[in-house]
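Single-structure report; data block below.
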Amino acid sequence: MTSDTVLPGTARALLARLATAQSEGRLPSLVAAVVRDGATVWSGARGLVDGAAPTRATQYRIGSITKTFVAVLVMRLRDEGRLDLNDPLERHVPGTGVGHVTVGQLLSHTAGLRAEPDGDWWERAPGVDTATMLAMLGPGRAAFRAGRRFHYSNLGYALLGHLVARLRGVDWHAAVTAEILDPLGMAGTSYLPRPGHARGWAVHPWADALLPEPAHDAGALAPAGQLWSTLPDLARWAAFFAGDTGGVLAGDTLAEMCEPAGVDDGPHWIIGHGLGPQLARREGRQLAGHTGSMPGFVATVWAERETATGVVLAANATNGAFTGLDSDLRAILAEREPALPTWSPDPEVEPDVLALTGTWYWGPTPHTLRLCPGRTFELAPVGAAGRGTRLRPDGAGGWTGQEGYFAGETLTVVRAADGTPSHLDLGTFRFTREPYPGEDWV
């Protein structure tokens, strides 16, 4: 299973890295794809499934990647006005015992709920019904105060699946199919596996022996890790996170989902979490996506939104060791076939907007305001001092900050009596064409 839109040498290097990972990780089978600008530019497979090489139709269980589909459904409901992320769960799903936590906290794993349900390891046991799952919840059984910190919770996403079902009037996975899979052409993704799927295995730690893993219906916990998918579908999902939403979600909403809402490893975070997606920082790049594991399976979907590049992996082993493989595949492509930049002039520059560009001063501190495509601005300090941000039109004649101190703040143009710009007001910060105009400098 390969595609050849990359050069032969690049394809060989990618396949060699994949083969090394499959061999050294002792994985029964391993599949991978690299995505750029919404298209799969390379895919490969190693190992066997029922005595034959995996194909494009071979399904693997994708575990917690399922959570990202549920999160997209919740954000669609938010965009429709059916809920607010600050709503307490009780407003939409009464009687849970944790009705005080908010929808946004559940999405970002900051609701303080425990990670796992009571009883045996739920991923290897038949799933419980919703009533049994809800009985496991309550204020006295929380891990942390709601909002205190990030704490990954499968129970939280089980509740979100229940929330979607309540508001849509259909099972959460039926909503996933109708609202996400069908529009994006992801026909290889399903609730239960289809004939020809990969079987999940545990590999003995000290011998080349295999033990079949169970694949139960997770029941009420299914929104946390039930789905099965194929390599082409996972590649489409990586393209989604890279920005090609296919109309399923607004671009601004996806960007909001991919903002850090919690971090897993302190102020110099490497792994974090948004409103559904996991986030990672590697080699100066920020990635969005999710990892997944269920007994017998591991999978990964990562996308670098800045370069619209993604990598997906799936294997049928409980402890698949392919840490760093996605980074290596992305690096091979970037080194051997770097993306080719291009520049073209903006044919729709408006004179009144162009007149705002150039140097502005906050007090004595100089900043530059540069016009970028889409009538966006980039405000940057000259030198190290000062605060900068990107600004997008707000549709009402102003611009809204997108990052840093000025994120969410509004920039308005204050004009003199003759209509010329007097100064810029950015969240009460006044920017003028001269440092402290009208003051007596000595």
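The values are calculated or read from the model by the stated rules, or taken from the named source; none is laboratory data. This structure is a prediction, so every number in the text was calculated from the model and none was measured. Reconstructed Cβ throughout: ideal geometry from the backbone, glycine too, with neighbour counts over all protein chains shown.
Thr307: among the polar types (S, T, N, Q), surrounded by 21 or more Cβ atoms within 10 Å (Cβ to Cβ) and more than 17 Å from Leu73 (Cβ to Cβ), yes or no? It is false that Thr307 is among the polar types (S, T, N, Q), surrounded by 21 or more Cβ atoms within 10 Å (Cβ to Cβ) and more than 17 Å from Leu73 (Cβ to Cβ).
Of all residues in region 320-372, which are under 30 Å from Leu7 (Cβ atoms), exposed (fewer than 13 other Cβ atoms within 10 Å of the Cβ) and of a type outside the set (A, V, I, L, M, F, W, C)?
Looking only at region 320-372, we keep the residues that are under 30 Å from Leu7 (Cβ atoms), and these are 320-344.
In the following step, the residues that additionally are exposed (fewer than 13 other Cβ atoms within 10 Å of the Cβ) were identified as 323-324, 335, 338-344.
Result: Thr323, Gly324, Glu335, Pro338, Pro341, Thr342, Ser344.
When the residues of region 142-182 are filtered to those that are in contact (Cβ under 8 Å) with a residue 40 or more places away in the chain and among the charged types (D, E, K, R), the one that is surrounded by the most Cβ atoms within 10 Å (Cβ to Cβ) is Glu179. Selection within region 391-442: residues that are of a type in the set (Lys, Arg) and outside any loop (DSSP other than H, G, I, E, B). The member of this set that is nearest to Cys372 (Cα to Cα) is Arg392. Within region 10-37, restricting attention to residues that are of a type in the set (D, E, K, R) and part of a helix (DSSP H, G or I), the residue that is farthest from Ile332 (Cα to Cα) is Glu24.
Here Ser108 passes the criteria (1) within 26 Å of the chain's Cα centre (by Cα); (2) among the polar types (S, T, N, Q); (3) under 20 Å from Gly219 (Cα atoms) except the one numbered (3). Residues that are at pLDDT 90 or above and among the acidic types (Asp, Glu) within region 336-349 comprise just one, Glu337.
Counting the residues of region 348-386 that are touching a residue at least 40 places away in the same chain (Cβ under 8 Å) and not in a strand (DSSP E or B) gives 4.
Hey, can you tell me all the residues within region 212-242 that are closer than 19 Å to Ala52 by Cα and surrounded by fewer than 24 Cβ atoms within 10 Å (Cβ to Cβ)? I'd like the intermediate steps shown before the answer.
Filtering region 212-242 down to residues closer than 19 Å to Ala52 by Cα leaves 212, 229-232.
Passing the criteria: Pro212, Pro232.
Residue pairs whose Cβ atoms lie under 6 Å apart, separated by 6 or more positions or on different chains, with the first residue in region 69-96 and assigned to a loop (DSSP other than H, G, I, E, B) and the second of a type in the set (Gly, Ala, Ser) and surrounded by fewer than 22 Cβ atoms within 10 Å (Cβ to Cβ), are Leu85/Gly104. Considering only residues that are at pLDDT 90 or above, on the phi > 0 side of the Ramachandran plot and in contact with a Ser or Thr (Cβ under 8 Å, 6 or more places away or on another chain), look in region 395-442 and name the one that is surrounded by the fewest Cβ atoms within 10 Å (Cβ to Cβ). Looking at residues that are at pLDDT 90 or above, on the phi > 0 side of the Ramachandran plot and in contact with a Ser or Thr (Cβ under 8 Å, 6 or more places away or on another chain), I get Gly408.
No other residue among Ala303, Ala255, Ala238, Ala288 is closer than 17 Å to Lys67 by Cβ, within 13 Å of the chain's Cα centre (by Cα), in the same structural domain as Ala111 (by TED's automatic domain parsing) and not in a strand (DSSP E or B) apart from Ala238. Output the residues belonging to region 38-61 that are among the charged types (D, E, K, R), surrounded by fewer than 23 Cβ atoms within 10 Å (Cβ to Cβ) and outside any loop (DSSP other than H, G, I, E, B). Hit for region 38-61 is Arg46, nothing else.
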